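The structure appears right after this line, and notes come after that.
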Amino acid sequence: MYEAPTSSPVPPPVNQPTGDATGGVIPYKNPQALTSYYLGVFSLIPLLGLLLGCVAVPLGIIGLRKRKAMPQIRGTAHAWVGIILGGLSVFGHVALIALMFFNKR
């Protein structure tokens, strides 16, 4: 005798988001925030930091705006780290240059 199956296997939903290999730690969908993060960290290098910090701050702001426009992407922490470290680096370099300039007089 043949018995009909009582329930058929249900396929998974098609539009359900899947995780990525990094566990969501690296915001690869928000490259501006990620680039701002790296530039902010590397802006702590003396002399080179002035240029890198000047680039890190606007990229971090762009990354935050992109996150606000599309909440499903990540990168808020990376963008903030880039803005803060880049801003501190620019401030420190400008203050050091000002001290060197005014110290000569």
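Could you calculate the FRET efficiency of ILE26 with VAL94 from 1/(1 + (r/R0)^6), where r is the beta carbon distance between them and R0 is 25 Å, rounded to 0.05? E(calc), rounded to 0.05, equals 0.20. Counted over all Cα-Cα pairs of the stretch 31-103, pairs farther apart than 14 Å make up 53 percent.
In this simple spin-label model, placing a label point 7 Å from the Cα along the Cα-to-Cβ direction at both LEU48 and PHE102 gives a separation of 3.0 nm. With 0.36 nm allotted per residue and the present C-alpha distance subtracted, the VAL41-ILE61 stretch has 5.6 nm of extension available.
Below 8 Å between Cα atoms, with a sequence gap of 6+, how large is the relative contact order for the stretch 31-103 in percent? The value is 41 percent.
FYI, it's all coordinate maths here, none of it is from the lab. These numbers were taken from a predicted model, which means no experiment stands behind them. Counting neighbours? That spans all protein chains shown, and the Cβs are built from the backbone with ideal geometry, glycine included.
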